[in-house]
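Heads up, the thing below is written out as structure tokens.
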Amino acid sequence: MLDRLKQQLAGAKEFRRKRGRPFVILTYAQSLDGSIAACDRRQVRLSGAASMTLTHRLRSCSDAILVGIGTVLNDNPELTTRLVDGHSPRPIILDTRLRTPSDARLLQRKDCACWIISHRESDGARRENLLKAGAIVLPCQTAVDGKIDLRALMKILVAHEINILMVEGGARVITSFVGARLVDQFVITVAPKLIGGLNAIDDRGTGMDPFVPLVQVAYQQLGNDMILWAQPDWNSA
Ligand SMILES: NC(=O)c1ccc[n+]([C@@H]2O[C@H](COP(=O)([O-])OP(=O)(O)OC[C@H]3O[C@@H](n4cnc5c(N)ncnc54)[C@H](OP(=O)(O)O)[C@@H]3O)[C@@H](O)[C@H]2O)c1
């Protein structure tokens, strides 16, 4: 399945030129009951060793990897490819109000600077602190809900020649990307656990299509986890 995706990714530059945006891979791990974290948003280890390695392989195929500020504040991830050979993608945080802590792990990365996508009029002092910590703050248009306008963000990424974007969560970010129909490939790890926690799709009035038909569906077992590979069929949504 990964090889098939890699073949498709070989055409990502052309995809970016034609579609005016990067190819977007949305990936996350969930329990059998669809939870990506505990109900208080506490991080839960879901992926087994083999599926975690797959996640790192997917990262190494991507130019950039994006998470929301909620994930940074909760999990403080590194988003590297330490389990496999290959480059780590550039980290991007959606952080309208510049709440990223200046000691966040993503800002410690030596290989490339973290991009923080913020509101155009975000706080000057916070911006200065983050710049000092090595981040690159990129102002972006916001949507009516005050969040980063994802279509405007796509234009920024195109301008920076990002061909392949991996989106890793959390719930609000996953929901926004699906709601904006900005997903080309889903790679979802389903772990044999029941959490009763935070749903991956955190739809609170986002006006999301109630059903997203998936095509090119394939299932792969890695250890005890099941990996769902699928593409959304936006034309039938
Ligand atoms: N199992 C997994 O694979 C996995 C992966 C990642 C995270 N997680 C879990 O997910 C949870 C965090 O998810 P979360 O929903 O709280 O936070 P999140 O999705 O990581 O971040 C959401 C925040 O990002 C900012 N944002 C800016 N523009 C946005 C946009 N267009 N759409 C959505 N968000 C935008 C908003 O904050 P501002 O308004 O302040 O900018 C928003 O509240 C944690 O519990 C974490 O453990 C699980």
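The values are calculated or read from the model by the stated rules, or taken from the named source; none is laboratory data. Keep in mind it's a predicted model, so treat the numbers as computed, not measured. Glycine also receives a Cβ, built like all others from the backbone with ideal geometry; neighbour counts cover every protein chain displayed. Surface accessibility is based on the protein's heavy atoms, side chains included, excluding ligands, DNA and RNA. Shrake-Rupley method; radii C 1.70, N 1.55, O 1.52, S 1.80 Å.
Here are a few things to note about the model shown:
- Square roots of five times the Cα gyration tensor eigenvalues for region 46-137, Å: 26, 13, 11
- The modelled label-to-label distance for the pair Gln8/Arg127, using points 7 Å beyond Cα in the direction of Cβ, is 3.8 nm.
- Anisotropy class of the chain from Cα gyration tensor, a/c 1.5 cut: rounded
- Gain in span if fully extended, Asp33 to Ala50, counting 0.36 nm per residue against the direct Cα distance: 4.0 nm
- Estimated from the Cβ-Cβ distance and a Förster radius of 30 angstrom, the FRET efficiency linking Ser102 and Val215 is about 0.10.
- Burial ranking of peptide ranges 146-157, 50-61 (average Cβ count within 10 Å, highest at the top): 50-61, 146-157
- Between the C-alpha center of region 69-89 and that of region 104-172 there is a gap of 15 Å.
- Only Lys, Arg (+1) and Asp, Glu (-1) charged, at Cβ; the chain dipole about Cα centre in debye: 480 debye
- In order along region 91-108, phi translates into HN-Hα couplings of x, 10, 10, 7, 8, 3, 9, 6, 8, 4, x, 5, 9, 4, 4, 5, 8, 8 Hz, rounded to whole numbers, per the Karplus curve 6.51 cos²θ - 1.76 cosθ + 1.60 with θ = phi - 60° and x for Gly and Pro.
- Accessible area of the chain divided out per residue, in Å², using a probe of 1.4 angstrom: 49 Å²
- For Ile65, residues with placed amide H under 5 Å, excluding near neighbours: Arg90, Ile92, Met166
- Carbon and sulfur %, accessible surface of the chain computed with the full protein complex present, 1.4 Å: 47 percent
- Helical content alone sets the calculated 222 nm signal of the chain at -7500 deg cm²/dmol, taking -39,500 (n - 2.57) per DSSP H segment of four or more residues and averaging over every residue.
- With the simple spin-label model, which puts each label point 7 Å out from Cα in the Cβ direction, the Gln231 to Leu73 separation comes to 3.7 nm.
- Per residue convex hull volume, Cα atoms of region 100-237, in Å³: 165 Å³
- Taking a ≥ b ≥ c as the square roots of the eigenvalues of the Cα gyration tensor, region 134-188 is oblate, since a/c reaches 1.5 or more and a/b is not larger than b/c.
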